[in-house]
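Chemist: Next up is a structure, given as structure tokens.
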Amino acid sequence: MGTGSSTSNTTVVLGAKQALDQFKYEVANELQIDTSQIQNGYWGYMTSRDCGAVGGNMVRRMIQLAEEQLLSQYQSGRQPSVGVPYRQQLAQEMNQYAQAANRGPANVMNQITN
């Protein structure tokens, strides 16, 4: 994208854009890619190879994280939340916490920690 242009990419999780931007720079540094050519967040002066390496490694690590979370949910007996839109998932979890709260404080902590 050219200087001053905007992107139509949106994050799925509200507020994750800054974390993803920081993650991008962390991955670039881990790959020992020179980020001095990046100006005000514009990566257009970087080679396609370097940008592809950063993006590919970001995807690889995000998939790893998702797999670890799914495994954790599966092992704890929770229903995995794959494919559930963020707001729907949040509403389901809030309902679960509210139901646990109606059964007493000890159940709330069990629900939160599991």
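The values are calculated or read from the model by the stated rules, or taken from the named source; none is laboratory data. This is a predicted model, so every value here is computed, not measured. We place every Cβ from the backbone using ideal geometry, glycine too, and count neighbours over all the protein chains shown.
Chemist: Where the second residue is of a type in the set (Ser, Thr, Tyr) and at pLDDT below 95 and the first is exposed (fewer than 10 other Cβ atoms within 10 Å of the Cβ) and lies in the range 29-50, which pairs have Cβ atoms under 9 Å and are six or more apart or on separate chains?
Modeler: Cβ pairs passing all conditions: ASN40/THR3.
Chemist: Separate question: Filter the range 56-114 down to the residues that are at pLDDT 75 or above and of a type in the set (Ser, Thr, Tyr) and list them by number.
Modeler: SER72, TYR74, SER76
Chemist: On the given criteria, is LEU14 modelled with pLDDT under 90 and in a loop (DSSP other than H, G, I, E, B)?
Modeler: For LEU14, the condition - modelled with pLDDT under 90 and in a loop (DSSP other than H, G, I, E, B) - is met.
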